[in-house]
Amino acid sequence: MHRNSSPLGFLPTRLLLAASSALWAACGTAPTAPAPVALPTTELTELAVNVVTADLSRPDPDAAFWRDVAPGLVSLIAQPVTAPRPEITTTSSIYVQAVHDASTVAFRLQWADTELSEAGHLGEFSDAVAMEFPMVGDKLPSVMMGAKDDPVHIFHWRAQYQRDAERGKPEIKDLYPNASVDMYPMDFKDAPSGGKDDKEAFNPGIAIGNPQSYSKTGVDEIIAEGFSTSSVEEGHGAAGRGVWKDGMWSVVITRPMVIDGGSTLAVGRPNSLSFAVWQGGKDEVASRKCIHMAWLPLKVL
Amino acid sequence: MPNVENWHLKRDVAYPYEGHRPARQWAIVFDLNKCIACQTCTLACKTTWTSGKGQEYMFWNNVETKPWGGFPLAWDLRILEKLGRQDWAANGEYLGKTLIEAAPPTERVLHFAPKDEDWMYPNIGEDDCGGGTLDSGAHLDSLPHDKWFFYLPRTCAHCTYPACLAACPRKAIYKRPEDGIVLIDQSRCKGYGECVRACPYKKSMYNPWTRTSEKCIGCYPAVEQGIQPQCVVNCIGKIRVMGFISPPAVARADNPVDFLVHEKQLALPYYPQLGLEPNIYYIPPIHADPQYLEQMFGPRVHEAVARYKELHKDPEAAGLLCLIGGTERIIHRFTVKAGIAVGYDEKDEEILRVPVTETPFERAAFDEKLGAVRNNNP
């Protein structure tokens with residue numbers, strides 16, 4: 001199925017109506033009718049991963065080949081099991097496409113979000129999306145982040161992490177330009193022992209090696225065995241890049257087909273995956289998220 | 001959900017985890033009649049613990065003016081408003097709901113989430129009076145005062161039932177079994193900010209540089225060596241004492257904290273109705289509005305104020321107040337005999353000895369040797 005590559009194509013009808021009304025008001029002339037698109041309206045039952053001849057080494061939401069891949073609709077609901085959880089479903093569907101080149105699998109994930117949220121300021125949270133895969137054997141673990149001895153392998157992309165990669169991890173002056181700071185410990189030129197370690201001793205999370213405290217590249221690889229157990233692991237080359245445009249996130253996450261000690265995909269072998277989306281602007285973080293409540297079968301062709 | 005015993009409220013309260021009281025519980029008692037908001041405590045804490053990147057705005061210890069001040073902005077009013085009615089029975093039992101009990105099904109703790117602007121005015125309301133406005137000068141010639149304010153120094157309360165710990169989805173927050181100090185494991189925290197939302201006293205703070213949440217650590221490295229926290233030992237007004245508080249049934253009258261809280265019932269927890277059994281205790285200000293004080297300290301506040309006014313008749317209490325601020329070391333036991341107050345450490349070795357009434361020394365107004373009139377300088 002061929003479809004228009006405009007991200008507007010995935011917008012829910014009510015957003016399209018709002019956008020066209022605004023345009024109408026602004027221009028004072030009849031708005032151009034939106035280009036017809038083939039929006040999937042029925043739930044995807046199996047995600048087919050077709051082979052492409054393309055460079056998948058760099059995740060690219062605007063790559064031409066995505067036009068030739070049919071998107072599938074995957075429904076989400078507010079995480080219903082553990083508190084804290086959202087009161088309402090903020091993201092009701094995610095549109096999924098996937099391709100592979102025998103060694104790398106690329107997923108394009110798109111969902112409507114009316115505002116871009118990169119976190120940074122106090123009390124702000126980031127837009128994010130995650131895919132999870134079962135880790136071992138044919139038995140499917142709990143879709144709720146796995147279970148003890150039944151781990152899941154998660155690829156977690158955040159707009160905040162992408163900002164780190166593209167514009168550097170923000171300091172207080174980047175977040176609050178008018179902030180006044182005299183100096184930081186060991187950060188003055190005559191400090192007798194102002195080495196990196198001495199400075200980092202004043203940044204507890206960094207000093208103790210918490211992966212959360214370092215500059216990110218875009219995608220965290222996480223192993224989890226149930227709620228509250230997620231643990232960021234050494235990466236295996238997964239990458240991600242997202243573009244937010246016209247109220248729509250379009251994020252590509254690439255991962256190696258084979259990950260020793262992690263989840264592995266193979267041509268012809270049945271596998272599964274599931275999804276979660278966070279809208280930072282709605283204060284969603286951690287268990288405050290919208291999720292797909294089941295494993296979606298995945299078939300690498 | 002388990003029920004745990006909360007002696008502040010004289011009843012069991014709901015809490016997500018079983019109750020395990022620590023071997024002993026870190027606690028600070030503050031005499032609010034003495035605090036002058038010099039902020040020496042604030043700076044002692046700031047220079048010791050929060051001078052790094054991402055901690056620029058943090059004050060693990062702060063002093064705010066009541067009724068108008070609050071760091072973050074209106075932290076107390078906003079959670080009290082959410083909680084609704086907070087009634088007490090005549091016998092001192094709390095009849096309302098705690099933050100855990102009042103949480104909607106989607107949340108672990110009833111809370112409000114502060115935004116960045118809420119943290120931007122640590123001194124808002126400083127020295128602003130409650131009690132309305134006046135067209136001309138006031139005459140404060142009776143207690144309580146018509147126009148009033150008081151200073152409220154605050155650290156983390158290292159609650160017996162911490163809301164931050166209850167709310168953390170990663171179980172990254174723990175309460176030390178040896179001294180009850182509540183810590184955020186900096187290697188496990190992922191900066192979700194659930195503790196920042198949940199702590200009603202707003203003493204968990206998010207570090208945007210390390211992307212973890214941080215909080216007052218009770219100066220545990222000092223406490224482990226028998227030394228009181230920085231905010232206590234640097235208090236120039238000598239208004240505070242750190243020690244270990246016992247539950248009422250096993251309180252010891254010769255333990256300074258137990259003496260002030262249990263024996264004399266002078267010091268009270270603040271906002272006990274939130275249900276967390278906070279472990280910082282306040283001797284209430286005797287001049288402030290009684291209704292306001294009741295909201296903050298519960299119905300026992302009126303008796304505490306009355307007792308404080310009679311304190312000068314109590315040689316034992318007067319002796320203890322002389323010991324407070326006289327040593328860096330944690331006083332585990334004290335005695336007052338024959339006008340001498342003595343403090344002892346954990347090994348029951350004497351660490352300080354002071355007269356309850358200092359011997360007056362009179363000097364002639366005129367110094368014959370220098371041929372000069374003396375003033376009060378030493």
**Prompt:** Can A:V267 be described as of a type in the set (V, I, T), away from chain B (no Cβ under 14 Å), surrounded by fewer than 20 Cβ atoms within 10 Å (Cβ to Cβ) and out of contact with any strand residue (DSSP E or B) (no Cβ under 9 Å at 6 or more places or on another chain)?
**Reply:** no
**Request:** Give the residues of region A:171-187 that are part of a loop (DSSP other than H, G, I, E, B) and charged (D, E, K, R), sorted by residue number.
**Result:** A:E171, A:D182, A:D187
**Fill in**
Taking region B:154-192 and keeping only residues that are in contact with a strand residue (DSSP E or B) (Cβ under 7 Å, 6 or more places away or on another chain) and within 8 Å of another protein chain (Cβ to nearest Cβ), one is left with B:Q186, B:C189, B:G191
**Asked** Pick from region A:42-53 the residues that are surrounded by fewer than 16 Cβ atoms within 10 Å (Cβ to Cβ) and assigned to a loop (DSSP other than H, G, I, E, B): which of them is modelled with the lowest pLDDT?
**Response** A:T42
**Prompt:** Of the residues in region B:131-153, how many are under 21 Å from B:L73 (Cβ atoms) and either within 14 Å of chain A (Cβ to nearest Cβ) or aliphatic (A, V, I, L, M) (or both)?
**Reply:** 1
**Asked** Tell me, which residue of region B:102-130 that is assigned to a loop (DSSP other than H, G, I, E, B) and either of a type in the set (F, W, Y) or farther than 29 Å from B:F59 by Cα (or both) is farthest from the other protein chains (Cβ to nearest Cβ)?
**Response** B:Y121
**Request:** State whether the residues of region A:240-247 include one that is out of contact with any helix residue (DSSP H, G or I) (no Cβ under 8 Å at 6 or more places or on another chain), surrounded by 18 or more Cβ atoms within 10 Å (Cβ to Cβ) and more than 8 Å from chain B (Cβ to nearest Cβ).
**Result:** no
**Fill in**
Scanning region B:234-254 residue by residue, the ones that are touching a residue at least 24 places away in the same chain (Cβ under 8 Å), in a loop (DSSP other than H, G, I, E, B) and either touching a Pro at 6+ places or on another chain (Cβ under 9 Å) or loosely packed, with under 14 Cβ neighbours inside 10 Å (or both) total 3
**Asked** For region A:118-137, which residues satisfy the criterion of being more than 10 Å from chain B (Cβ to nearest Cβ) and free of Cβ contacts under 8 Å to residues at least 40 places away in the same chain?
**Response** A:V136, A:G137
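Which residue out of B:V356, B:V342 is touching a Ser or Thr at 6+ places or on another chain (Cβ under 7 Å), surrounded by fewer than 20 Cβ atoms within 10 Å (Cβ to Cβ) and more than 22 Å from B:C231 (Cα to Cα)?
On the way: B:V356 fails: touching a Ser or Thr at 6+ places or on another chain (Cβ under 7 Å).
Sole residue among the options that is touching a Ser or Thr at 6+ places or on another chain (Cβ under 7 Å), surrounded by fewer than 20 Cβ atoms within 10 Å (Cβ to Cβ) and more than 22 Å from B:C231 (Cα to Cα): B:V342.
Of B:R252, B:R240, which residue is basic (K, R), at pLDDT 95 or above and either closer than 27 Å to B:I100 by Cα or touching a Ser or Thr at 6+ places or on another chain (Cβ under 8 Å) (or both)? Working first, answer last.
Working: B:R240 fails: either closer than 27 Å to B:I100 by Cα or touching a Ser or Thr at 6+ places or on another chain (Cβ under 8 Å) (or both).
The unique qualifying residue is B:R252.
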**Prompt:** What are the residues in region A:235-261 that are small (G, A, S) and under 13 Å from the mean Cα position of the chain (by Cα), if any?
**Reply:** A:A238, A:A239, A:G240, A:G242, A:S250
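Could you check region B:200-215 and list, in sequence order, the residues that are out of contact with any His (no Cβ under 8 Å at 6 or more places or on another chain) and within 14 Å of chain A (Cβ to nearest Cβ)? Break it down stepwise before answering.
Step one: of region B:200-215, the residues out of contact with any His (no Cβ under 8 Å at 6 or more places or on another chain) are B:201-207, B:209-215.
Scanning region B:200-215 gives B:K202, B:S204, B:M205, B:Y206, B:N207, B:W209, B:T210, B:R211, B:T212, B:S213, B:E214, B:K215.
Among what's in region B:92-101 and is touching a strand residue (DSSP E or B) at 6+ places or on another chain (Cβ under 7 Å) and farther than 21 Å from B:A167 by Cα, pick the residue that is nearest to the other protein chains (Cβ to nearest Cβ).
Initially, region B:92-101 is screened for residues touching a strand residue (DSSP E or B) at 6+ places or on another chain (Cβ under 7 Å), giving B:93-95, B:98, B:100-101.
Next, from what is left, pick out any that are farther than 21 Å from B:A167 by Cα: B:93-95.
Numbers: B:E93: 28, B:Y94: 24, B:L95: 25 Å.
Filtering region B:92-101 for residues that are touching a strand residue (DSSP E or B) at 6+ places or on another chain (Cβ under 7 Å) and farther than 21 Å from B:A167 by Cα, the one nearest to the other protein chains (Cβ to nearest Cβ) comes out as B:Y94.
The values are calculated or read from the model by the stated rules, or taken from the named source; none is laboratory data. The structure displayed is predicted, hence computed values, not measured ones. Heads up, the Cβs are rebuilt from the backbone with ideal geometry, glycines too, and the neighbour counts pull from every protein chain shown.
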